[in-house]
1. Those residues that are outside any strand (DSSP E or B), in contact (Cβ under 8 Å) with a residue 60 or more places away in the chain and open to solvent by 30 Å² or more (accessible area, probe 1.4 Å), I need them from region 159-178; list them, please.
2. So which residues in region 76-110 are surrounded by 13 or more Cβ atoms within 10 Å (Cβ to Cβ) and in a helix (DSSP H, G or I)?
3. So is Asp200 assigned to a loop (DSSP other than H, G, I, E, B), surrounded by fewer than 17 Cβ atoms within 10 Å (Cβ to Cβ) and modelled with pLDDT of 95 or more or not?
4. How many of the residues making up region 124-158 are under 25 Å from Trp202 (Cβ atoms), among the acidic types (Asp, Glu) and either open to solvent by 60 Å² or more (accessible area, probe 1.4 Å) or assigned to a strand (DSSP E or B) (or both)?
Amino acid sequence: MNDWKKSATLQSNVKVDIGFMANEKFYFGPDNGFTPEEYEQMLVPLYQPKLRRTGRLILFSDIVGNEEELIKHYVDVSKKYLEYKKDISKSTYFWNRPVIFNSEFIISFAWHDRFSEGKNVLDNLTSTEDGEVYWDVDQGWELEIEAKENLIYARERDPDCEEVYCQVKFERRDIRKQASALIPNVSELIEKLADSFGHDYWT
């Protein structure tokens, strides 16, 4: 077992979820060639769902039963694309990503944007095999998740400067159960969102 796993901090009450982005403002200006001041001048507010936030994300577990609030936000996003004649097919306003967290740490899969990527993470977390569960690296970010017997080990860091954001271990069985339940439940929510807009912007 690698040294980093030996020093991983044991965590309890760990949750896995899918977080949906809900931007506060909509940018309607050009894609490039603007100053920071000009960028700020080309922002308009978006409807904010009356839902609890975890950082910049709204978790699936906080959306259940209140899906209409999230839909209202996305309706406003789509209206802004029409109003300002922007290309919604290139939108970043529908991003969603996995989150593993408790009150002490959060792993937010910074370079994941769609549920196709998030589902891959959840699928891997349901595995019963020991060894590598997940690994990814991208632009100053690396995430390693491994399983051994009853525990999952996770380290998120910047490999370029060796800065470690979190290095934790936690009980495996509950995470497997949570990940297994999330896959169909989040898929059902996205189907509902897609039906409301006639297109799946989330997967």
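The values are calculated or read from the model by the stated rules, or taken from the named source; none is laboratory data. Source: prediction; values computed, not measured. Neighbour counts run over all protein chains shown; Cβ positions are idealised from the backbone, glycine included. Surface areas here come from the heavy atoms of the whole protein model, side chains and all, with no ligands, DNA or RNA. Shrake-Rupley method; radii C 1.70, N 1.55, O 1.52, S 1.80 Å.
1. Of the residues in region 159-178, the ones outside any strand (DSSP E or B) are 159-162, 172-178.
When the remaining residues are screened for being in contact (Cβ under 8 Å) with a residue 60 or more places away in the chain, the result is 174-175, 178.
Hits for region 159-178 are Asp174, Gln178.
2. Correct list: Asp76, Val77, Ser78, Lys79, Lys80, Tyr81, Ile88.
3. yes
4. 2
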